[in-house]
Number of protein chains: 2
Amino acid sequence: MVTIESSIKVRLVKIGELAKLTGCSVQSIRHYEKEKLLATLRRSDGNFRLYDSATVDQLKFIKHCRSLDLSLAEIRQLIALNQQPGMGCEDVNRMIDSHIEQVALRINELQDLQDKLMALRTSCASQSTVKECGILQTLSVSRK
Amino acid sequence: MVTIESSIKVRLVKIGELAKLTGCSVQSIRHYEKEKLLATLRRSDGNFRLYDSATVDQLKFIKHCRSLDLSLAEIRQLIALNQQPGMGCEDVNRMIDSHIEQVALRINELQDLQDKLMALRTSCASQSTVKECGILQTLSVSRK
DNA sequence: CTTAAACTCTATGGTAACTATAGAGTCAAG
DNA sequence: CTTGACTCTATAGTTACCATAGAGTTTAAG
């Protein structure tokens with residue numbers, strides 16, 4: 001009897017190449033492993049991490065999620081859900097919806113902030129001295 | 001000869017009252033002190049921090065700056081500038097301008113993110129299973 | 001075969017602006 | 001004089017990494 005592992009030759013890469021293939025840094029990969037988002041398939045005799053092509057895809061998935069600013073905790077959840085193919089995916093939808101909401105909130109906050117900063121900026125003419133600076137004066141007055 | 005300090009009675013408050021007066025947390029105040037943004041006027045016999053009303057104003061200034069998301073380093077700079085009343089205030093203007101730019105950049109980033117999240121969200125109908133979930137499928141495909 | 005460069009390993013400290021906690025001391029009222 | 005509220009310092013935790021040290025591994029060249 002021959003095991004799949006011994007009969008099929010799989011190309012394994014070290015962490016540096018995995019990093020290049022995915023555009024992640026080596027440290028990120030080790031960090032994802034520590035955070036249980038990514039498993040190391042096996043180690044070389046010298047204890048180097050070795051990965052197969054499935055791992056490359058998993059890491060790309062993680063990277064895609066990160067580019068959408070999903071937290072590592074959320075990504076961990078998505079990976080877990082992904083392993084329950086038969087279940088409903090309402091949880092996935094809920095997560096994304098809530099994320100959209102968070103981002104919308106943050107955009108609004110920043111927009112308010114932007115308005116305040118612009119108003120503040122108009123309070124000082126460039127040629128002024130620190131003593132007369134409208135910005136510093138405004139900042140010294142507490143807001144209602 | 002009588003010093004000003006001994007002849008005029010100043011109302012001094014402890015850190016808890018300073019916190020109430022300004023809406024800052026006690027820990028924040030201690031943190032600002034460690035970061036050299038705020039000095040403690042003096043200590044009680046029992047080593048409690050004591051503050052006067054000028055400190056209340058300084059802390060309000062800091063709080064106002066923080067509400068505009070200025071970093072502690074930037075605030076430290078503003079405080080230093082404030083102590084050079086005769087100098088031009090171009091540096092103040094520059095700082096605020098650069099801050100406005102940063103915020104604008106961040107808003108744009110978040111807006112892009114929002115668009116991507118919305119697109120992602122439409123890829124899954126709520127009644128689907130994990131296996132068929134368009135969101136998970138989309139996330140599994142690396143972006144161009 | 002040996003050596004040197006390039007790579008990898010683990011462990012640790014740093015980032016920003018705090019929050020939360022522990023364990024000890026101080027103060028004010030009853 | 002005791003109890004509760006307050007304060008003190010020091011330390012760990014938050015998030016997603018990056019940077020570094022010091023040691024070991026691999027590989028290509030000589």
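Just so you know, all these numbers are worked out from the coordinates, no wet-lab data involved. Nothing here was measured: the structure is a model prediction, and the numbers come from that model. Cβ: placed from backbone, ideal geometry, glycine included. Neighbour counts: every protein chain shown.
Quick one: B:R66 ticks every box in (1) away from DNA strand C (no atom under 14 Å from the Cβ); (2) more than 9 Å from chain A (Cβ to nearest Cβ) except a single one, so which number is it? Unmet for B:R66, out of (1) away from DNA strand C (no atom under 14 Å from the Cβ); (2) more than 9 Å from chain A (Cβ to nearest Cβ): (1). Can you find a residue in segment A:85-106 that is more than 30 Å from B:S126 (Cα to Cα), in a helix (DSSP H, G or I) and at the interface with another protein chain (Cβ under 7 Å from one of its Cβ atoms)? No: segment A:85-106 contains no residue that is more than 30 Å from B:S126 (Cα to Cα), in a helix (DSSP H, G or I) and at the interface with another protein chain (Cβ under 7 Å from one of its Cβ atoms). Every condition in (1) more than 16 Å from DNA strand C (Cβ to nearest atom); (2) more than 9 Å from every other protein chain (Cβ to nearest Cβ); (3) surrounded by 13 or more Cβ atoms within 10 Å (Cβ to Cβ) holds for B:D112 except the one numbered (3). Determine, yes or no, whether A:S71 is among the hydroxyl-bearing types (S, T, Y) and more than 10 Å from DNA strand D (Cβ to nearest atom). When the stated conditions are applied, A:S71 does not pass them.
Inspect segment A:83-99 for any residue being surrounded by fewer than 18 Cβ atoms within 10 Å (Cβ to Cβ) and under 25 Å from B:D69 (Cβ atoms) and give the result as yes or no. Checked against the condition, which is being surrounded by fewer than 18 Cβ atoms within 10 Å (Cβ to Cβ) and under 25 Å from B:D69 (Cβ atoms), segment A:83-99 yields at least one hit.
Residues in segment B:43-58 that are touching a Leu at 6+ places or on another chain (Cβ under 6 Å), part of a strand (DSSP E or B) and under 20 Å from B:I79 (Cβ atoms): B:Y51 only. If I ask for residues that are free of Cβ contacts under 8 Å to residues at least 40 places away in the same chain and either in a helix (DSSP H, G or I) or facing chain B (nearest Cβ under 9 Å) (or both), which ones from segment A:71-84 would you list? Residues satisfying the conditions are A:A73, A:E74, A:I75, A:Q77, A:L78, A:A80, A:L81, A:N82, A:Q83, A:Q84. When B:L117 is tested against the conditions (1) within 16 Å of DNA strand D (Cβ to nearest atom); (2) surrounded by 13 or more Cβ atoms within 10 Å (Cβ to Cβ); (3) not in a helix (DSSP H, G or I), the lone failure is (3). Mind listing just one residue for me: the one in segment A:9-34 that is exposed (fewer than 13 other Cβ atoms within 10 Å of the Cβ) and part of a loop (DSSP other than H, G, I, E, B) and, of those, nearest to DNA strand D (Cβ to nearest atom)? In this case the residue turns out to be A:S25. Right, B:T55: more than 7 Å from chain A (Cβ to nearest Cβ), free of Cβ contacts under 8 Å to residues at least 40 places away in the same chain and within 16 Å of DNA strand D (Cβ to nearest atom) or not? The answer is yes for B:T55. Out of A:E74, A:E132, A:E90, one residue alone is farther than 21 Å from B:K131 by Cα and among the acidic types (D, E). It is A:E132.
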